[in-house]
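Take a look at the structure set out below.
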Amino acid sequence: MPKERDDLLRGTLDMLVLKTLAGEPRHGYGIVSRIQQVSGDVLQVEEGSLYPALHRMERRGWIRSSWGLSDSNRRAKYYELTDAGRKQLAASKEAWTRVSGAIGKVLRARAVGA
Amino acid sequence: MRPASLFEGLGVFRAAPDARSVDDVDGEIREELELHLALRTEANIAAGMDPDAARRDAEARFGDVEKIRRSCRRVQLGERIMLQRAKTALLGVLVIAVGFLAVDSYLMRRETTASMVRMSSAMNEMTWALRGEEPPAFEARGLVTLPELFASRQPREVVIRVGDQLKIQDFNNVGLDITERVARDGMVLVPDVGWVPVAGLTRAEVEKTLSEAYAPFYASPPDVKVKVVE
């Protein structure tokens with residue numbers, strides 16, 4: 001079921017982006033770098049796919065953008081979390097915790113008769 | 001920094017409509033994607049790659065730039081593009097409808113004119129047939145006016161002579177439509193008026209004489225026409 005897999009991945013990417021922006025506003029490259037750094041390079045986001053996701057989340061009102069200057073003094077588009085985005089992040093975390101906990105229970109369960 | 005929408009916190013309403021032009025949106029997308037590639041390239045160089053390899057790696061990690069640019073554009077301008085297409089389609093339909101009505105109106109007008117010409121021509125033929133004369137050889141017989149219709153081809157300067165057979169008609173009043181021969185004494189007999197001298201006069205003079213002679217008998221001024229038929 002490719003559609004469901006896409007939705008799952010997109011939902012996960014949205015959650016990771018929202019969480020990364022919860023601390024401070026970042027531009028796209030900063031978001032990718034932060035996710036890779038925090039995950040110890042385990043989570044490799046396809047870098048280009050981040051931008052349609054960012055624009056989509058902005059349209060949904062979860063994040064908002066503004067142009068500023070980067071550390072290297074270049075014009076860069078910064079994203080920050082909105083109140084709606086914080087609520088969405090909280091809902092996503094709760095759902096993720098519930099699902100991952102359930103998966104953990106299944107994986108830890110002993111086989112019947114073993 | 002853009003201010004938050006009043007309803008943003010509810011998570012239901014979208015942000016206010018984008019006031020940027022399409023060119024501005026396209027430019028911002030290109031600038032944002034290019035910055036990412038430049039920053040990744042710089043990071044690669046800082047990590048020890050040579051510049052060409054650093055750029056190639058940045059592009060490989062990024063994916064298909066053009067495809068991603070189009071995806072971003074769809075997200076940002078999707079509603080506007082759809083609205084624009086709807087407007088274009090509506091305009092096309094209107095242009096076709098107006099064109100159709102214009103052509104239909106033109107064809108209808110042309111057909112009506114042709115019908116009127118045919119009707120006028122038929123009336124012309126009937127009139128001349130009733131008068132027992134050949135119709136005039138007008139270039140556009142269907143478009144003759146009423147005075148032309150009743151005009152005789154015979155020159156008005158023709159002089160009436162003894163023995164001529166005259167056709168006398170009054171086109172303003174029904175009742176006078178006779179054919180009489182000019183008597184030896186140069187006179188012709190017409191109803192109500194009696195004998196009238198006509199020999200030696202032109203057609204125009206006889207017509208004027210008879211019109212004046214008949215004036216007391218009709219409410220409308222007579223318009224007598226005379227033609228030598230034999």
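The values are calculated or read from the model by the stated rules, or taken from the named source; none is laboratory data. Every value quoted in this text rests on a predicted model; they were computed, and no experiment measured them. Cβ sites come from the backbone with ideal geometry, for glycine too, and all protein chains shown count toward neighbours. For accessibility, only protein heavy atoms count, side chains too; no ligands or nucleic acids. Shrake-Rupley method; radii C 1.70, N 1.55, O 1.52, S 1.80 Å.
For the reader, a short list of remarks on this structure follows.
- Just one of the listed residues (A:Thr12, A:Thr82) is modelled with pLDDT under 95 and polar (S, T, N, Q), and it is A:Thr12.
- Hits in the stretch A:33-67 - residues which are more than 14 Å from A:Leu21 (Cβ to Cβ) and in a strand (DSSP E or B): A:Trp67
- Residue check for A:Ser72: surrounded by fewer than 18 Cβ atoms within 10 Å (Cβ to Cβ) and touching a strand residue (DSSP E or B) at 6+ places or on another chain (Cβ under 8 Å): no
- Looking across the stretch A:38-61, the residues that are open to solvent by less than 30 Å² (accessible area, probe 1.4 Å) and in contact (Cβ under 8 Å) with a residue 12 or more places away in the chain come down to A:Val45, A:Glu47, A:Leu50, A:Tyr51, A:Ala53, A:Leu54, A:Met57, A:Glu58, A:Gly61.
- Boolean, A:Ile35 is more than 12 Å from chain B (Cβ to nearest Cβ), surrounded by 12 or more Cβ atoms within 10 Å (Cβ to Cβ) and more than 30 Å from B:Arg80 (Cβ to Cβ): yes
- Residues being under 14 Å from the mean Cα position of the chain (by Cα) and more than 7 Å from chain B (Cβ to nearest Cβ) - total across the stretch A:43-72: 10
- Any chance B:Ala102 is among the small types (Gly, Ala, Ser), farther than 30 Å from B:Arg30 by Cα and open to solvent by 50 Å² or more (accessible area, probe 1.4 Å): yes
- In the stretch B:127-148, the condition of being among the hydrophobic types (A, V, I, L, M, F, W, C), at pLDDT 85 or above, closer than 17 Å to B:Lys227 by Cα and open to solvent by less than 80 Å² (accessible area, probe 1.4 Å) is met by no residue.
One line per residue, one yes/no per condition, for (1) at pLDDT below 90; (2) out of contact with any strand residue (DSSP E or B) (no Cβ under 8 Å at 6 or more places or on another chain):
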{"site": "B:Asp192", "(1), (2)": "yes, yes"}
{"site": "B:Val198", "(1), (2)": "no, no"}
{"site": "B:Leu201", "(1), (2)": "no, no"}
{"site": "B:Glu207", "(1), (2)": "no, no"}
{"site": "B:Val229", "(1), (2)": "yes, no"}
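- The requirement of being more than 7 Å from every other protein chain (Cβ to nearest Cβ), exposed (fewer than 15 other Cβ atoms within 10 Å of the Cβ) and in contact (Cβ under 8 Å) with a residue 40 or more places away in the chain is not satisfied by A:Lys105.
- Of the candidates A:Lys87, A:Lys93, the single residue that is open to solvent by 70 Å² or more (accessible area, probe 1.4 Å) and either assigned to a loop (DSSP other than H, G, I, E, B) or in contact (Cβ under 8 Å) with a residue 60 or more places away in the chain (or both) is A:Lys93.
- One residue stands out among those in the stretch A:21-32 that are of a type outside the set (Ser, Thr, Tyr) and part of a helix (DSSP H, G or I): the one that is most open to solvent (accessible area, probe 1.4 Å), which is A:Gly23.
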